[in-house]
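Everything on this sheet refers to the single structure shown next.
The values are calculated or read from the model by the stated rules, or taken from the named source; none is laboratory data. None of these values were measured; they are calculated from a predicted model. As a convention, Cβ positions derive from the backbone with ideal geometry for all residues, glycine included, and neighbour counts pool all protein chains shown.
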Amino acid sequence: MGEKRFAATRTFDPQLVREFEHAGWERAAAHYASTFAEATRCFIDDLLDTASVGAGMRVLDLACGPGIVAAAAAERRALPVGVDFSPAMIALARAGHTGIRFEEGDAEALPFADGSFDAVVSNFGVHHVPEPIRALREAHRVLRSGGRVAFTAWTAPPENIAWRLLYDAISAHGDLRAADAPPPGGGLRLPEDLLGLLDASGFTETEAKPARGEWRVATARDLLEGFRRGTVRTAALIDAQPAATLAQIEAAIADGIAPYRRANGFAVPIVAILGSGVRI
């Protein structure tokens, strides 16, 4: 799969999205835990609390990556299982958390029986799936009656300062349209987007609310490299910029990040939407 395949179509194609995301996460796996995971970690407790994860509960960590959420569930004495479509991520999860079960699998066709879990959680995974409604319907299927689903998605860049810093810098010195990536499957940017997905997937008692955190980085370059080495779609945008502009982009981020300086670096405000629901 190369750039010409993406250039050939701008209509939504689930298979192209799947290939793009899979290749991207295979590349990002080695760097994710030390880069972009610093942004996602701060939402884990809220995610698990919303799903009422506690001792003895069977919990599925959907799009588990290197197993960070599953490990947090295990610390609550839950019984987590992680699933991800990236073999590289699953290898890291198994190596880093030897007491937890991790399986390679497709979020849109989960390899588990009906009613297998008390809770399903996903920390910034659902919006990477080509067809999120299929993933949420699968989550609904594998939940027991009364089980809860909870997942996070990022708000739009105007509300998310970390993304705004990057996009403003690229807008000033690069090209925001440079990435040759397929259109995404899930534009989950507003609470109503998550509510619509949950309702369409059969969940009740649905909620979607903002969750706020901070992405702590030592330097402006760490922010840029966090996006570049630990994400997929945003990384494609950065990598598509002319090499000569990257220093200017980094300098612009350094100027913009200054108000968020702390004693040991920077604490950049970030905002997620936390969606949840119950299977009857």
Within region 244-263, does at least one residue satisfy the condition of being more than 22 Å from M89 (Cα to Cα) and in a strand (DSSP E or B)? yes
Could you please let me know if G147 is of a type outside the set (A, V, I, L, M, F, W, C), crowded, with 21+ Cβ neighbours inside 10 Å and closer than 27 Å to L223 by Cβ? no
Condition (residue is closer than 30 Å to L136 by Cα, of a type in the set (K, R) and either at pLDDT 95 or above or buried (at least 21 other Cβ atoms within 10 Å of the Cβ) (or both)) applied to region 245-261: is it met by at least one residue? no
If P130 satisfies all but one of (1) touching a strand residue (DSSP E or B) at 6+ places or on another chain (Cβ under 7 Å); (2) not in a helix (DSSP H, G or I), what's the number of the condition it fails? (1)
Among the residues of region 112-135, are any β-branched (V, I, T) and free of Cβ contacts under 8 Å to residues at least 40 places away in the same chain? no
Name the helices (runs of 4 or more DSSP H) wholly inside region 1-115 in which the number of residues that are at pLDDT 95 or above is 2 or more. 14-32, 37-40, 44-50, 68-75, 87-96
